[in-house]
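First up is the structure itself, then whatever we jot down about it.
Derivation of every value follows stated rules applied to the coordinates shown; laboratory data play no part. The structure presented is a predicted model; accordingly, all values stated were derived computationally and were not measured. Neighbour counts run over all protein chains shown; Cβ positions are idealised from the backbone, glycine included.
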Amino acid sequence: MTQPYIKQDLKNGIATISFFHPEHNSLPSDLLIKLSQTIEKIGANEDVKVVILKSDGDKTFCAGASFKELCAINEEETGKLFFSGFANVINAIRKCPKIIIGSVQGKAVGGGVGIAAATDYCLASKFASIKLSELSIGIGPFVVAPAIERKIGIAALTQLTLDATAFYTAEWAHNKGLYASLYENNKELEIAVQKLAQNLANYNPEALIALKQILWKDTENWDELLQERAAISGKLVLSPFTKAALKHFQ
């Protein structure tokens, strides 16, 4: 696997969306656009009963945004568009009428934590540690923070955000409510995800749709909120502090 992709598969009412990028499953803008569009398309498919969202590869679920694109930002509007990528994916997950199961096989950083938090029910391997590193380069996890706070609370979000250079273990994330269950390896994780998806696919689809609406109650303003947060990051990425910090990645 060398070329980035978004893949989808539908079998027995279970839609599986997979993403891959050779740079630790980071998500550049074009893949984020395809991912949000794929989620929207799957959500509108009446043959789909439940959705699995996962990445391919063994070690990293998602390394977050593309640093190559981040380093190339030179104006606020471009910055806002860049950070809107994860906003659009989170909102696509939120508005998808189908229950979305997250399968996190490895490390998640920044936007990757946001995607995991946005899924309705997330299972992970014991290797799925998490980190919010944004503050260390002069920005913040502003776009993904609402999804993460919704799952783990403001205290744990604050801890993750301020301790920006540390990975927190999968056990920590499980205890805080990000992950529903942990598994010893990827094979056990995959078996558990498939079993859960099969069970959900056999439930009343109208009940699942109604449940999804209840689970996301009081988030109707997220289309505007996450765009506002993207604008904050888009401005901060142009700051002298962030420009100097990003030179280490060029």
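Label-to-label distance for Glu224 and Asp9 is 4.2 nm, based on points extended 7 Å past Cα in the beta-carbon direction.
Could you tally the net charge around Asp218, taking each other residue with its Cβ under 12 Å from the Cβ of Asp218, Lys/Arg +1 and Asp/Glu -1?
Here the charged neighbours net out to +2.
How about the range 32-71: which GluC sites (Glu not before Pro) there lie in a loop by DSSP and see at most 13 other Cβ atoms within 10 Å?
Values: sites: Glu40, Glu46, Glu69; in loops: Glu46.
Passing both the DSSP loop test and the Cβ count: Glu46.
Across the range 127-137, computed HN-Hα scalar couplings (Karplus, 6.51 cos²θ - 1.76 cosθ + 1.60, θ = phi - 60°) run 8, 8, 6, 9, 8, 10, 9, 4, 5, 5, 10 Hz from first to last residue, x flagging Gly and Pro.
Mind pulling the per residue volume of the convex hull built on the Cα atoms of the range 14-125? Å³ is fine.
Details: hull volume 9.8 nm³, N = 112.
Value for the range 14-125: 88 Å³ per residue.
Classification of the range 30-89 by its C-alpha gyration tensor yields an oblate form. The axis ratio a/c (a ≥ b ≥ c) is 1.5 or more, and b/c is at least a/b.
The separation of the range 4-54 from the range 171-250, counted between C-alpha centres, amounts to 14 Å.
Within a Cβ distance under 11 Å of Gly102, other residues only, what is the Lys/Arg minus Asp/Glu net charge?
Net charge around Gly102: +1.
Scoring 218-229, 167-178, 111-122, 81-92 by mean Cβ neighbours within 10 Å over their residues and listing the highest first yields 111-122, 81-92, 167-178, 218-229.
Normalised by the number of residues in the range 1-59, the average gap of Cα pairs under 8 Å and 6 or more apart makes the relative contact order 41 percent.
The mean of 1/r over all pairs of different alpha-carbon atoms in the chain, once inverted, gives a Kirkwood hydrodynamic radius of 18.0 Å. Taking the Kirkwood radius as the inverse of the mean 1/r across Cα pairs, report the Rg/Rh of the range 134-240. My calculation puts Rg/Rh at 1.05.
On full extension, the segment bounded by Gln194 and Ala207 gains 2.7 nm, given 0.36 nm per residue less the C-alpha separation. If you restrict to DSSP beta bridges whose two residues both lie in the chain, what percentage is antiparallel, to the nearest 5? Beta bridges within the chain, antiparallel portion: roughly 25 percent.
Helix content alone sets the calculated 222 nm mean residue ellipticity of the chain: runs of n ≥ 4 DSSP H residues at -39500 (n - 2.57) each, divided across all residues, give -15000 deg cm²/dmol.
Take the convex hull of the alpha carbons in the range 62-179; its mean projected area over all directions comes to 6.9 nm². Can you check what the net charge comes to around Ala155, using other residues whose Cβ is under 15 Å from the Cβ of Ala155 (Lys, Arg +1; Asp, Glu -1)? Overall, the nearby charge balance is +1.
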